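Report on the following structure.
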Amino acid sequence: VEGAVKLAYKFHGGRRRQILHADISFHGKLLGSGSLTGSAQNAFSFPGIPGVSAFRYGDLDSVRQAVAGARDAKGRCDVYAILIEPFSASTMTECSEEFLRGLRELCTAEKIVLIFDEIYTGWGKTGSLFHFMRYPDLVPDVVTTSKSFGGGKSSISAFVAREPVFRTAYDSLGDAMLQSTSTTYYGFGEETATALEAVNIAVEDDYPARARAIERVLKPGLERLRKQYPDLIADVRGAGALYGIFLDGGPRLLDLAAKIAPGGLARDPLLRTKVITCAVVNAMYHDHDVYMYYTLNGRSPLVAAPCLVAGPDEVEVFLDAFDRTLAKGMNRLLTAFFKDKAVSRWAA
């Protein structure tokens, strides 16, 4: 993301000063990418890049209003980039096709660099190679990728830009070497070879099709459990092999505990949700050897995201384990969680 933003800024020669991002988003934790992350859970304000403004996720009128308000003294557009996650993996929310196409038209008209952040969703996770590719002929100026890009072995990230955009910004050896974004440890052969093979496998083994096959089992299974446990599951959302389970329930005593929790915990409006979700995560791991987690953005959904090497049988194993876990009831799950995490630590 840092590299993509620098590219967009350099594309305009530093003449434009503003960048827009969505109000719900996760783009990273560095000073630059962190300042472009929209989250109500940011409890501490770090310094960030200048000229940052937010628009409402999926609301094209909100974007238009933000762009219209970002003009220089001569009335010219002052926005150098718009950054958006077509599918927000931290909140399990996706942009509509109408919104993304409208965003593309607006950026073309105003010569704004359109950046799609697909670090989480790239390489097939939501049922298309990249999430935006389910919409024919929709092309951003820059797309970011990481995570699956390393094939589960290497830590590597990249951005891919349309050639005219890249050449305008970095079409010289000096610019490419000195002005673009790299790291201290860039260029290792093992990481790049692993990434190339990961791309080959994702394409040759048709990982998007694998994600769609997983979804045909996962989606109806989670919907069935939502209906079976309406007091525990408030909502289920997602796409392909990436779904969020929004949990609810638990004794009202948790509300009191949240108010008297130490440190900054008492100020967390989602403390109840996080505690009951942790109780489920704890049980799934200890009782069924299934690893799950929740996101730190939005409403902190529990994430069900099978690896794309998994098949329908493995998804059924997960659904059965999840069913048996929820059948215990939230009180039992919380009791086991506190006993495991709190009492054992105090005893030690």
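Could you compute the FRET efficiency for GLU105 and LYS341, with r as their C-beta to C-beta distance and R0 at 35 Å, rounded to 0.05?
Given R0 = 35 Å and the Cβ-Cβ separation, E is 0.10.
Figure the gain on full extension for LEU138 and ASP61 (residue separation times 0.36 nm, minus the Cα-Cα span) and round it to one decimal in nm.
Between LEU138 and ASP61, full extension yields an extra 25.8 nm.
For LYS10, give me every one of the lysines with a C-alpha distance below 25 angstrom, ignoring sequence neighbours fewer than eight places off in its own chain.
LYS29, LYS74, LYS111
Helix hunt in the chain: which complete DSSP H runs extend at least 18 Å axially by C-alpha with mean Kyte-Doolittle at least -0.5?
Going by DSSP H runs, the hits are 97-110, 189-204, 271-288, 312-327.
Where does the charge balance sit around ALA279 when Lys and Arg score +1, Asp and Glu -1, over other residues with C-beta under 13 Å from its C-beta?
My count for the surroundings of ALA279 gives +3.
What FRET efficiency, computed as 1/(1 + (r/R0)^6) with R0 = 35 Å and r the Cβ-Cβ distance, is obtained for MET177 and SER53, rounded to the nearest 0.05?
0.65
Given Cα pairs under 8 Å that are at least 6 residues apart, what percent is the relative contact order of the chain?
Contact order relative to length: 15 percent.
Under a point-charge model restricted to the Cβ atoms of Lys and Arg (+1) and Asp and Glu (-1), what is the dipole moment magnitude of the chain relative to its Cα centre, in debye to the nearest 20?
Dipole magnitude for the chain comes out near 1160 debye.
Within the set of other residues whose C-beta is less than 15 Å from the C-beta of ASP235, count the net charge using Lys and Arg as +1 and Asp and Glu as -1.
Charge balance in the 15 Å sphere: +2.
What nm distance separates the two modelled labels at THR192 and ALA234, each placed 7 Å from Cα along Cα→Cβ?
Label at THR192, label at ALA234, 4.7 nm between them.
In vacuum, with every alpha carbon of segment 2-204 counted as one equal point scatterer, what does the Debye formula give for log10 I(q)/I(0) at q = 0.18 Å⁻¹? Two decimals, please.
The Debye formula, applied to the Cα set alone, gives -1.42.
Specify which residue in the list ALA202, VAL1, CYS307 is farthest towards the positive end of the charge dipole of the chain, using unit charges on the beta carbon of Lys, Arg (+1) and Asp, Glu (-1), about the Cα centre.
My answer, from the dipole projection, is VAL1.
What list of ³J(HN,Hα) couplings, whole Hz, do you get for segment 134-143 from phi and the Karplus terms 6.51, -1.76, 1.60, once you set θ to phi - 60° and write x for glycine and proline?
Going residue by residue, I get 6, 10, x, 6, 8, 10, x, 7, 9, 10 Hz, with x marking Gly and Pro.
Which lysines, on any chain, are close to LYS341 with Cα under 22 Å apart, when same-chain ones fewer than 8 places away are left out?
Those lysines meeting the cut-off are LYS259, LYS274, LYS328.
Values quoted throughout were computed directly from the atomic coordinates according to the rules given, and no laboratory measurement underlies them. Quick caveat: nothing in here was measured; it's all calculated off a predicted structure. All Cβ positions, glycine included, derive from the backbone under ideal geometry; neighbour counts span all protein chains shown.
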